[in-house]
Amino acid sequence: MPEDKIAFANKGQCAYAYLNNNPLKGYKLTIEEISPAAEAMARLGNVCRARARFPEAPDQIKVGMKGVGKITTHKTNLWAIIEQGVMSRWSKWSLYL
């Protein structure tokens, strides 16, 4: 998860995994742990890793399958998301001033 959006994720929050072989079907996960420090990754920038577990492991999922994850933010209101987006853009633009 990008470093500027990690504040929206909490332990115990719901997440979904979408695998490359079936990108329209989401598998429910529960976040168990969030990395305390960000790490730099090529093309992604600074990211924080989140570890999540399947409440019930589906039979279709095997080790090594690739996909993307989505963390839901039910507890965050729209104003907080807009404010955080404006502040992150301002901090990026201020580097060029």
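Would you check the chain for Lys pairs whose C-alpha atoms are within less than 17 Å, ignoring same-chain pairs closer than 8 in sequence, and give me the count? Count of close lysine pairs: 12. When only the Cβ of Lys, Arg, Asp and Glu is charged (+1, +1, -1, -1), the dipole of the chain relative to its Cα centre reaches about 200 debye. Between N20 and A40, the distance separating the two model label sites (each 7 Å from Cα on the Cα→Cβ line) works out to 2.6 nm. For segment 8-48, the spread of Cα positions along the three principal axes, ordered from largest to smallest, is 30, 27, 14 Å. Note on segment 3-72: the alpha carbon radius of gyration divided by the globular reference 2.2 N^0.38 Å gives 1.15.
Where a number appears in this text, it was derived from the coordinates with a stated rule and is not lab data. These numbers come from a predicted model, not from an experiment. Cβ atoms come from the backbone with ideal geometry, glycine included; neighbour counts cover every protein chain shown.
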